[in-house]
Amino acid sequence: MAMNAQGRPTRADAATAPGPTFTGNRALQIEESLIFEREFGGTGVDLPEPKAKDRLGSMKRQSPLNLPGLSEPEAMRHYVRLSQKNYAIDMGPFPLGSCTMKHNPRLNEKMARLPGFADIHPLQPQSTVQGALELVHELADWLLELTGMPAVAMSPKAGAHGELCGMMAIKAALDARGETGRTRVLAPESAHGTNPATAAQCGFSVDDIPADETGRVDLSALKAKLGPDVAAIMVTNPNTCGLFERDIRAIADAVHEAGGYFYCDGANFNAIAGKVRPGDLGVDAMHINLHKTFSTPHGGGGPGSGPVVLSAALAPFAPVPYVVKEEGRYQLVETRRAAREDGENMHGGRLTAFHGQMGMFVRALSYMLSHGGDGIRQAAEDAVLNANYVLARLKSEMTPAFPGHCMHEALFDDSFLKGTGVETIDFAKGMIDEGYHPMTMYFPLVVHGAMLIEPTESESKQELDLFCDALLSIARRANAGDASLKGAPYFAPRRRLDETAAARNPVLRWTPTASVRAAE
Ligand SMILES: *Cc1c(COP(=O)(O)O)cnc(C)c1O
């Protein structure tokens with residue numbers, strides 16, 4: 001049997017593998033139908049016969065309800081089997097760039113499940129939730145300390161929501177200055193899609209700033225675009241190419257001189273937390289994805305939490321609520337009027353029904369307290385070290401998009417695949433056969449056939465070596481003209497799907513199959 005460098009048997013030759021199994025299962029990969037495709041009628045509960053037999057009279061249903069009828073073990077197995085079709089950070093490396101899929105320490109989960117945090121209600125009297133309010137207050141303090149900023153809005157519920165909060169504050173500040181003519185927002189071509197979307201949602205037009213040949217904001221091109229109609233610039237730092245914007249101070253100064261604000265997308269804060277304070281870089285507003293930088297499981301649309309730190313210029317436009325400490329008691333300031341009585345000239349209203357994502361707050365503070373300031377700095381350093389290790393190990397076969405070191409993520413383009421007939425998508429599907437979730441593909445858009453890998457600080461050297469060896473082997477297969485990559489994945493529960501058709505013509509509603517209809 002062929003062995004890989006780690007002495008493990010390599011993949012079986014697809015040509016000699018036997019045909020499909022009787023059950024459709026593949027070893028412990030169990031096929032699972034939709035719950036509605038199961039037989040109807042049974043129930044896992046032994047209900048007593050109702051006493052009044054004809055309570056409903058003519059209102060009685062004439063046809064079966066057609067809810068799936070499963071016993072407890074059947075229901076349990078259904079959901080466990082489905083859950084096993086998920087790839088998860090608890091199963092293996094999750095190299096998605098920009099998403100920061102890091103290990104979520106179990107300690108955080110234990111803390112978040114403490115009844116004093118998990119079982120409280122947002123409408124409870126504040127005197128009964130002093131510990132929870134203290135936690136929000138302390139987390140806010142950590143965020144201010146780490147960012148060197150004077151104010152923070154805790155309630156936004158994701159990065160994109162934080163962007164909305166920050167850009168609304170910028171718009172409110174401009175309105176308060178009577179500057180209604182500032183309608184343009186500048187954003188680099190490599191920006192995450194939420195940046196231009198947020199600016200547009202706030203009524204601004206979006207103007208692209210080109211990148212220079214090193215993958216960073218082209219400072220002179222940016223300066224040429226500044227003018228009296230510019231409201232703000234939105235810059236991610238480190239940017240989505242995994243590079244630190246070296247001219248960040250000059251960018252901030254130029255934008256401020258032109259009368260605009262500097263929104264920093266802080267989704268990549270994990271690369272610099274404990275090393276660089278955004279407040280020292282001239283930032284006016286920055287969201288922090290607690291679910292990326294400070295652990296918390298995330299993906300599949302949530303949950304998230306995106307507090308926004310604000311400069312002194314924007315602080316008055318922060319939304320309510322916020323927590324204050326007075327005479328040893330914690331209190332929520334929940335309305336604009338209460339904020340004014342608190343001595344704050346607040347203009348911001350509410351962004352969310354309640355106070356933010358309590359569960360995420362608990363996990364983030366647990367992460368901070370268990371790491372300490374020095375541990376947070378080390379996590380950032382290790383994340384950058386791991387990404388550079390991956391970059392260095394892969395560059396013999398794959399082509400880095402930009403020269404030099406990277407920050408927390410390593411970006412490759414597809415020029416190493418040129419002429420092989422293999423494309424980024426085939427490479428990614430080949431990774432699934434090797435048991436890896438693919439990296440972020442085709443993003444950032446400024447790089448052709450982009451492959452963006454963020455290992456985070458969670459991975460050991462052994463884990464990274466196996467991952468790199470697997471990727472190198474795929475790259476070598478591509479270079480050797482191995483056309484089988486075009487058909488990957490071979491070992492996944494489903495083969496290659498028509499993703500374009502799925503996006504263009506999504507089937508969003510289940511329709512009964514013939515056998516289900518027959519049973520009705
Ligand atoms: C993840 C991300 C966002 C959006 O954050 P969500 O929490 O997913 O809404 C914005 N910008 C960048 C660079 C990101 O990586």
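The values are calculated or read from the model by the stated rules, or taken from the named source; none is laboratory data. Please read all numbers here as calculations on a predicted model, not as lab measurements. Because the Cβ atoms are built from the backbone with ideal geometry, glycine has one as well, and the counts that use them run over all protein chains shown. Only protein heavy atoms, including side chains, enter the accessible area calculation; ligands, DNA and RNA are left aside. Shrake-Rupley method; radii C 1.70, N 1.55, O 1.52, S 1.80 Å.
Please compute the net charge surrounding ARG393, taking Lys and Arg as +1 and Asp and Glu as -1 over other residues with Cβ under 11 Å from its Cβ.
The answer is -1.
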| said: Keeping all protein chains in place and using 1.4 angstrom, which order do VAL446, VAL390, VAL152 fall into by accessible surface area, from largest down? | reply: VAL446, VAL152, VAL390
| For TYR261, distant residues with modelled amide H under 5 Å away | ALA232, ILE233
| field | Å² of accessible area per residue within the chain, as computed with a 1.4 Å probe and no ligands counted | value | 50
| request: Tally up the carbon and sulfur contribution to the accessible surface of the chain as a whole percent, 1.4 Å probe, everything protein left in place. | output: 55
| task | Compare PHE94, PHE22 by solvent-accessible area with a 1.4 Å probe and give them largest first, with all protein chains kept in place. | result | PHE22, PHE94
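Evaluate the relative contact order of region 251-293 (contact order divided by residue number), counting alpha-carbon pairs under 8 angstrom at least 6 apart; express in whole percent.
That works out to 49 percent.
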| query | Kirkwood Rh, the chain, all Cα pairs: how many Å? | reply | 26.0
| Where Lys and Arg each count +1 and Asp and Glu each count -1, what net charge lies around MET149 among other residues with Cβ under 12 Å from its Cβ? | -3
| note | Here the net charge surrounding LEU219, from other residues whose Cβ is less than 14 Å away from its Cβ (Lys, Arg +1; Asp, Glu -1), is -2
| Sequence-distant or interchain residues sharing an amide H contact under 5 Å with GLU189, placed H: which? | ILE209, ALA211
| query | Of the peptides 493-504, 175-186, how do they stack up when ordered by the mean number of other Cβ atoms within 10 Å, highest first? | reply | 175-186, 493-504
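Sort PHE244, PHE354 by accessible area with a 1.4 Å probe, largest first.
Numbers: PHE244 50, PHE354 80 Å².
My answer, sorted largest first, is PHE354, PHE244.
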| request: Could you let me know the centre-to-centre spacing of region 114-148 and region 63-106, using Cα atoms, in angstrom? | output: 30
| remark: Here region 116-124 yields Karplus 3J(HN,Hα) values (6.51, -1.76, 1.60; θ = phi - 60°; whole Hz; Gly and Pro given as x) of x, 9, 7, 9, 8, 10, x, 9, 5
| field | In sequence order, calculated HN-Hα J values of region 322-327 (Karplus, 6.51, -1.76, 1.60; Hz; x Gly/Pro) | value | 8, 9, 10, 10, 10, 6
| remark: The size of the Cβ-based charge dipole (Lys, Arg +1; Asp, Glu -1) of the chain about the Cα centre, to the nearest 20 debye, is 1320
| query | List the lysines whose alpha-carbon lies under 19 Å from that of LYS461, not counting same-chain residues fewer than 8 positions away? | reply | LYS102, LYS395
| In Hz, Karplus ³J(HN,Hα) per residue of region 203-208 (6.51, -1.76, 1.60; θ = phi - 60°; x = Gly, Pro) | x, 8, 8, 10, 10, 6
| query | GLN201 versus GLU74, label points 7 Å from Cα toward the beta carbon: distance in nm? | reply | 4.3
| note | Once all protein chains are kept in place, ARG277 shows an accessible area at probe 1.4 Å, nearest 10 Å², of 110
| remark: With the 8 Å Cα cutoff and a minimum separation of six or more residues, the chain has a relative contact order in percent of 17
| task | Any chance you could look up the accessible area of GLU145 with a 1.4 Å probe, heavy atoms only, rounded to 10 Å²? | result | 130
| task | Could you state how much accessible area ILE376 has, in square angstrom rounded to the nearest 10, with a 1.4 Å probe and all protein chains kept in place? | result | 10
